[in-house]
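See below for the structure under consideration.
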Amino acid sequence: MQTVEQIFEQNKTPASLVSAIQAVLTASKDITHLLQKGAMAGVLGSAEAENVQGETQKKLDVISNDLLKDTLKACPVVAGIASEEEDLPVVANNDGEYLVIFDPLDGSSNIDINVTVGTIFSILPSNGGDPAEEATYLQSGRKQLAAGYVLYGPSTMLVMTTGQGVDVFTLDPSSNEFYLTEQQAQITASTQEFAINMSNQRFWAEGVQNYVADLLQGEEGPLGKRYNMRWVAAMVAEVHRIITRGGIFMYPWDNRDVKKPGKLRLMYEGNPMSMLVEQAGGLSMTPDGHIMDIEPELIHQRVPVFLGSKEEVEVAMSYQNK
C-alpha cells in the first residue's frame with residue numbers, strides 16, 4: 001500500500017504544500033490518540049465557555065484547536081491560521097506561502113456519546129497578504145489549493161484533494177502512517193438516500209419543504225423512488241457517507257434567525273467540503289449558485305448547503321424557484 005507521502009510524490013505536489021498538509025496530519029494523529037482514550041484522558045464534557053459562534057465548547061474542541069494551532073504555527077510555510085473556534089485569524093509566519101483554515105472538531109456534540117467526529121481543513125495561498133487581517137483570508141472556494149477532512153470513527157481516515165481527484169487514506173495504528181485505501185473516489189450520480197435535520201422542517205423555505213415532502217412519498221410520489229433518510233449531526237460523517245456510497249446532504253436556510261443565511265460556515269465547512277465533493281464528481285450548491293463561487297465577506301460567514309450526488313442535487317435545486 002502507498003503512503004500519503006508517496007501519493008504526494010506521485011502527484012508532484014509542491015513540497016511546501018506537502019509541509020502544510022503534513023502539519024495538519026500531525027495534529028490529527030494526536031487528536032486520534034486523545035479520542036481513543038476518551039474519558040481516561042479527561043477530554044470529554046463541556047469546557048464551560050462559548051466560541052465565536054455562541055456555541056458551548058467541548059473540552060476536546062479547545063484541545064483540538066490548540067493542537068492544530070500550535071503545530072501549524074511551527075510550520076514555516078504557514079503564514080496564518082483561521083479557526084472556527086477563534087474570533088480572529090492567527091499569525092503563524094509572516095513570510096509563509098499558505099493560509100490554513102479549519103474546523104478542529106466538527107460534530108463535537110457527538111463526542112460524549114462516542115459517535116463519529118472529524119477535522120475539516122482548507123488551504124489557500126497567502127498571496128503576500130497580511131496574515132493578521134481577515135481580508136487576506138476572504139478568497140472564494142475556487143482558490144483552494146487543497147482541502148480535506150480527517151474522520152475519527154472506528155478507524156481514522158483522511159479524505160483529501162489537491163485538485164487532482166479525491167484519495168482516501170486509513171491510519172495504521174501500528175505504524176502511525178496514513179495508507180492509501182481508495183484512489184480517485186467517485187460519488188454516484190444518482191441516489192436514494194438523503195440527510196437533513198427533519199426537526200427544523202417547519203422553518204424551511206417552501207421549496208425545501210416541497211422537495212422533502214416529495215422525497216417522503218417514495219415510489220408513489222413525483223420522484224418515483226423510495227428514499228432512506230440518514231442524520232449523524234456531523235458534516236464529516238455525512239459527507240464521508242456520500243463519498244462512499246452516494247446521497248444528498250442538506251442544511252438549508254431557515255427562518256428562526258433571518259439574519260443568518262444558514263448554519264454551516266462557508267470558509268470552514270462549505271468550501272472545503274464543496275471542493276472534495278466536486279473533485280469526486282458530485283455537486284455542491286446554495287439556492288443561488290455554486291458554493292465555491294461565493295466571494296466571502298466575513299471569515300465566519302454562514303451559507304445554506306446542498307451537496308452530494310449530482311443528479312439529486314440538481315433535482316433539489318429545481319424546487320427552489322417553484
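The values are calculated or read from the model by the stated rules, or taken from the named source; none is laboratory data. This one's a predicted model, so the numbers in the text were calculated from it and none came from an experiment. When we count neighbours, we look across all protein chains shown, and the Cβ atoms used for this are built from the backbone with ideal geometry, even at glycine.
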Qualifying positions in region 214-252 - in contact with a Lys or Arg (Cβ under 8 Å, 6 or more places away or on another chain) and either closer than 23 Å to I299 by Cβ or part of a helix (DSSP H, G or I) (or both):
G218, E219, E238, R241, Y251
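Which of the residues that make up region 98-147 are of a type in the set (K, R) and under 22 Å from H240 (Cα atoms)?
Of everything in region 98-147, just one residue is of a type in the set (K, R) and under 22 Å from H240 (Cα atoms), namely R142.
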Out of L99, L67, I need the residue that is in contact with a helix residue (DSSP H, G or I) (Cβ under 8 Å, 6 or more places away or on another chain) and surrounded by 24 or more Cβ atoms within 10 Å (Cβ to Cβ). Which one?
L99
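May I ask you to say which residue of L151, L124 is surrounded by 15 or more Cβ atoms within 10 Å (Cβ to Cβ), at pLDDT 95 or above and touching a His at 6+ places or on another chain (Cβ under 6 Å)? Give the steps one after another, and end with the answer.
Numbers: L124 fails: touching a His at 6+ places or on another chain (Cβ under 6 Å).
After ruling out the rest, the residue left standing is L151.
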Condition set buried (at least 16 other Cβ atoms within 10 Å of the Cβ) and among the small types (G, A, S), scope region 172-196, selection farthest from G247 (Cα to Cα): answer is A185
